[in-house]
Amino acid sequence: MSYLSVPTQATPVEAMIMKPDQPNDPNEDLEVDNSKSVLHKIANLYAEQLMSDLTLEVGGVGFPAHRLILCASSEVFQVMLMNREWSEWSESRIILQETPSAATVFPHFLKYFYTGQIKISHETVLPVLSLADKYNVKDLVTLCLEYMKQHIAKAAKRGQLIAWMQYTGACGHNDVAKTCQNFVKWNLEWVWSDAELASLDGETLVQLLQQDDLVLHNEMSLYQFVERWLHMQREKYDTSDLSKVEVKMHWESLVVAVFSHIRFPMMCPKQLAKLLLCPLTQDHKEFFMEKMAVAMRYQAGTSGVSGVTPRLYTDDTWGSVLAVEHYQLLPCYHTRTFIFSTRASTADVPNGDKLTEWTVDLYPKGVWFRKSLLIDWAGTYDVPEVVLRTVRISITCQSSVFSGPENSTTEPDIRVKIGILVWGVQKGVEHVTSVVTRVHRFSPQNRVLNIDGALDFDELNTPLYSPASRSPRPESSSQKTSSLEATDATESCHLLGPNKDQLRIQVIILPLTNTCRVGPDSIG
């Protein structure tokens, strides 16, 4: 449980320190800061229920309060209690209609008006935020939202994240809502509880299913996720007051609404064949048969079937996990190289098992270009040394297509969607914390794509080292190792494992057809 408070003007140590307004003035007018004592007196008004002129009734329980404090703390109470057009302005007892969860935290909410302090936990932050929103207590809204941002992963672990995401999205707290949504998108195969999955409303689910950057093992995993969600919804329909005809109509509409966003062409023929035997497919045969017919034509490479944009599939077919162990011991500007292969097509077409080889160079501690000489027909030029404070991921296509005949009439470009998944840890919970995507065309003249910014250089490296030990750049290869010295000062949120010394990313590369609509291609 976290203890949040609004800071006063002085710390306890400074509370009674006298400060001259004009140090050079011999008379020295002195200002005494005793704000802590004044706040304590105001808090006593609530604690001792002294001089209250109003009672707020919530859930059958009365809470003595003061009009002045309520009006000073809440714009809503100010309008309610000072505007003669409202009936409450003259009442001595006001009944407030609150949800059960909000009623439970209401005494803490009211006490905050007097003390500026409130205890917040994963269970209470949402009802406290709902009260702060309802009564427009802006400073408390800010505190609750900041707490949520710092506890996203814990909320997911404890089964509250979907509720946080839906509430903040509905109330316009877009920054926190986006953070929650990103966690769900990038960790969709998290072990969501039945209760949490049942709380996910259909509109929010559809918004998720429309995203291209969903991270999951394959499209079948998403189908199973939606199927499980539907099972939760079916239980609600069975206990509703709707007639059988109404239930059937709503149910069919719901199935079509959610499964229309499943990308069936991204499933392999074996997966599609398995779906034909599913009870859900049998119950909604016409809808699913149409979807699967298109998918099978795509997998067979039938002309005229438009390409479907793949999501970020973590299946080994499409990429590899890159792990750097003992990260603190890695010398500055050093690289780690990984080699893997991916299929050349998402469809099961002839030669569909053809592989494209990739080389990935990871520069997690900056890039150093040594001083060199450039010799061309016009003479010799000095190329100065350059040091880049960036985390660079360099992807090189090693496709054999590029070694074909120079006079080939077929353009050998390879168009791909690249995803960089970055793992991190928050409050001890490991998860995918960020995702960077690129769409790029590799060609014989453009074999390399450099991606900077997938991880923030300072966020990854600065906590590991003391500022005084930083050297501006290495003078020789022997000095590179010792240019930065590790300290135990602060842990990076990107380093995992029991010793906080593993950096982990995953590179996903999926082939795209020219008909896939995923935005403009990158130019490297």
- At q = 0.12, 0.22, 0.23 Å⁻¹, base-10 log of I(q)/I(0) for region 185-290 (Debye sum, equal scatterers on each alpha carbon): -0.42, -1.39, -1.48
- Query: Given a Förster distance of 51 angstrom, what is the FRET efficiency for residue 93 paired with residue 500, based on the Cβ-Cβ distance and rounded to 0.05?
  - Reply: 0.35
- Express in nm, to one decimal, how much length is gained between residue 190 and residue 257 on full extension, taking 0.36 nm for each residue of separation and deducting their alpha carbon distance. 21.8 nm
- Task: On a C-alpha basis, how far is the centre of region 143-189 from the centre of region 195-218 in Å? Whole number, if you could?
- Result: 14
- Note on the structure: Extension length gain for residue 227 and residue 117 (0.36 nm per residue less Cα distance), in nm, is 35.2 nm
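On a full-extension model of 0.36 nm per residue, what is the gain between residue 359 and residue 249, subtracting their alpha-carbon distance, rounded to one decimal in nm? Let's see the in-between values first.
Values: separation 110, 0.36 × 110 = 39.60 nm, distance 5.26 nm.
Contour length minus the Cα-Cα distance gives 34.3 nm.
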- Förster-model FRET efficiency, 56 Å R0, residue 241 and residue 380, C-beta, rounded to 0.05: 0.05
- Query: What nm distance separates the two modelled labels at residue 154 and residue 104, each placed 7 Å from Cα along Cα→Cβ?
  - Reply: 1.7
- For residue 51 and residue 371, extending 7 Å from Cα along the Cα-Cβ vector and measuring point to point gives, in nm, a value of 7.6
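A short reminder: the numbers here are calculations on the coordinates, not readings from a lab. On a predicted model such as this, the values are computed, not experimentally measured, just so you know. Neighbour counts are summed over all protein chains in view; Cβ atoms, including those assigned to glycine, are modelled from backbone coordinates with ideal geometry.
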